[in-house]
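Below is one structure, written out as structure tokens; the observations come after it.
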Amino acid sequence: MKYQLSQTPVDVPPVSTKYRNIETAIPAPETVKVLRDLERYESRSMHGQLPIVWDRAEDFQVYDACGNCWIDFTATIFVANAGHANPHIVSALKKTIDHQLLHTYTFVHETRASFLKKLIETTPGQFEKAFLLSAGTEATECALKLMRMHGQTISPTKLGIVSFQGAMHGRTMGAEMLKGDPHQSAWIGHRDPNMHHLPFPYPWVAQDSSDKNYDWEKHFERDMRALEANGLNFDNIAGFIIESYLGWGAIFYPAAYIQALAAFAEERNCLITFDEIQGGFGRTGKLFVYQHYDVEPDLLCLGKALSGSLPLSAVIGSQKIMDLPEFGSMSSTHSANPLCCAAGLANLEAIESGNLIAESKRKGRILHRHLGELKKKYADRISWVFGTGLLAGVLFKNPETAEPDGFFASRVCEKAMQKGLLLVHTGRESIKIGPPLTIPDEALEEGIGVLKESIEELN
Ligand SMILES: Cc1ncc(COP(=O)(O)O)c(C=O)c1O
């Protein structure tokens, strides 16, 4: 059963601390009209998030217009890594607006060149060129196209794409096909015979997940053989696309599994794309998540924290792959827009000057120490804690049946919201934690304290 987050204001005890303030019913009664208008005028497919109305957001705090203030553990789903309304980004945007250059289509502007140069200089050496887009889903579609174009330089039948069941790559057609979820892609009406899906190697798949010697290499081989038995010819695989961790629970792949995949790909001349749209730019204590697996991908899909603010996504790769499409054949009207490029450039500078990747690693230790204690204390409630750096997924179970408990996870999010903490509501048995990497230690600890209180009160 799914828990319905209510839009009706609930009287809650007031909160007043250095970092939080709750002084009205939640959601604030005066904001309910906005929620109602959206219910009336906007597709419900956009709805399901915690019902507060954001008025402004600064650094690690979110405010409504009625005096309430929350510690933000969402970074707007891992966009605001450099902090909400980062002053360096805001200043770059103001300068661009004042300079009166809002749009150039594919005509050249200087900030585009500066941003691309910075992006390529910031990323490891194999990434030589980039293609800029607006949404993450466009980046994954673009990577799909590039992998197939590359495959076809080898053989006309090298079109196969292998992805993971349940992975999130966006909401457009190719991206939903990659997810391999029969319900979510039913609307497409047909199956692409060149899309193949591996089951995600969940830690609990190993008979005894505490078995450090579990053979993930064999596991990978076995799952590939199963695809082969289903008609996949290994020679026809153009590439693999990997969501760098499974988004809904921050669940990482075993490194040995990804290394086996990389060895397979190299042997068969298949490309590897990591979808770093959610985890890139310091979230996990490294620039990119793939660096935790000790492999070398061919392409990366980037988005969200690439700009820390405005719609900006990218695919990066070697010159050889990135230059496969003909001149002018992959442009997009709004991509590489001057404002987005200015935000992207200032964001990369802010991540660098704030030493935010190292900060994510350091603060991540604080976060995971507390979450480890919480898991011990509520062993019958918390089944898993995943993540590293300033990223965590906490998975809940029903204490009686040990079944995943999405209802409880939603209630934790709602309770925390009423106390002045925003968590990522996944609608599943997980909550996700991903504050701006700029959050002060004290606010991080205060937020974790609110999470503890919320679990305690609901348990
Ligand atoms: C891993 C991953 N890939 C792709 C996307 C799609 O990005 P967008 O919503 O910008 O299209 C998301 C969005 O949540 C994501 O988390």
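The values are calculated or read from the model by the stated rules, or taken from the named source; none is laboratory data. Keep in mind that what you see is a predicted model, and the values were worked out from it rather than measured. Positions of Cβ are generated from backbone atoms using ideal geometry, with glycine treated the same way; all protein chains shown enter the neighbour counts.
Is it the case that region 298-312 has a residue that's more than 28 Å from Gln152 (Cβ to Cβ), more than 16 Å from the ligand (Cβ to nearest atom) and touching a residue at least 40 places away in the same chain (Cβ under 8 Å)? It would help to see each step written out before you state the result.
To start, the set of residues in region 298-312 that are more than 28 Å from Gln152 (Cβ to Cβ) comprises 304-312.
From what's left, more than 16 Å from the ligand (Cβ to nearest atom): none.
The answer is no, given that none of the residues of region 298-312 is more than 28 Å from Gln152 (Cβ to Cβ), more than 16 Å from the ligand (Cβ to nearest atom) and touching a residue at least 40 places away in the same chain (Cβ under 8 Å).
Here's a check for you: in region 421-455, which residue that is part of a loop (DSSP other than H, G, I, E, B) and hydroxyl-bearing (Ser, Thr, Tyr) is surrounded by the fewest Cβ atoms within 10 Å (Cβ to Cβ)? First the steps, then the outcome.
First pass over region 421-455, keeping only residues part of a loop (DSSP other than H, G, I, E, B): 423, 426-429, 434-440.
Still in the running and hydroxyl-bearing (Ser, Thr, Tyr): 426, 438.
On the way: Thr426: 20, Thr438: 23.
That would be Thr426.
Going by the conditions given, is Arg44 without any contact (Cβ under 8 Å) to a residue 12 or more places away in the chain, under 30 Å from Thr333 (Cα atoms), among the basic types (Lys, Arg) and loosely packed, with under 12 Cβ neighbours inside 10 Å? Break it down stepwise before answering.
Numbers: without any contact (Cβ under 8 Å) to a residue 12 or more places away in the chain: yes; under 30 Å from Thr333 (Cα atoms): yes; among the basic types (Lys, Arg): yes; loosely packed, with under 12 Cβ neighbours inside 10 Å: yes.
Considered against the rule, which asks whether it is without any contact (Cβ under 8 Å) to a residue 12 or more places away in the chain, under 30 Å from Thr333 (Cα atoms), among the basic types (Lys, Arg) and loosely packed, with under 12 Cβ neighbours inside 10 Å, Arg44 comes out as yes.
Can you name the condition, by its number, that His103 falls short on among (1) exposed (fewer than 12 other Cβ atoms within 10 Å of the Cβ); (2) at pLDDT below 95; (3) of a type outside the set (Lys, Arg); (4) in contact with a helix residue (DSSP H, G or I) (Cβ under 9 Å, 6 or more places away or on another chain)?
Here His103 clears every test but (2).
Only one residue in Thr172, Thr157 is on the phi < 0 side of the Ramachandran plot, within 16 Å of the ligand (Cβ to nearest atom) and touching a helix residue (DSSP H, G or I) at 6+ places or on another chain (Cβ under 6 Å), so which one is that? Show your work before the answer.
Numbers: Thr157 fails: within 16 Å of the ligand (Cβ to nearest atom).
Being on the phi < 0 side of the Ramachandran plot, within 16 Å of the ligand (Cβ to nearest atom) and touching a helix residue (DSSP H, G or I) at 6+ places or on another chain (Cβ under 6 Å) holds for just one of Thr172, Thr157, which is Thr172.
Can you report the number of residues in region 243-297 which are in a loop (DSSP other than H, G, I, E, B), more than 15 Å from the ligand (Cβ to nearest atom) and of a type in the set (A, V, I, L, M, F, W, C)?
Quick first cut of region 243-297, residues in a loop (DSSP other than H, G, I, E, B) only: 244-245, 250, 252-254, 268-270, 276-288, 293-297.
From what is left, the residues that are more than 15 Å from the ligand (Cβ to nearest atom) are 254, 268-270, 282, 285-287, 293-296.
Among the residues that remain, those that are also of a type in the set (A, V, I, L, M, F, W, C) are: 270, 287, 295.
Number satisfying all stated conditions: 3.
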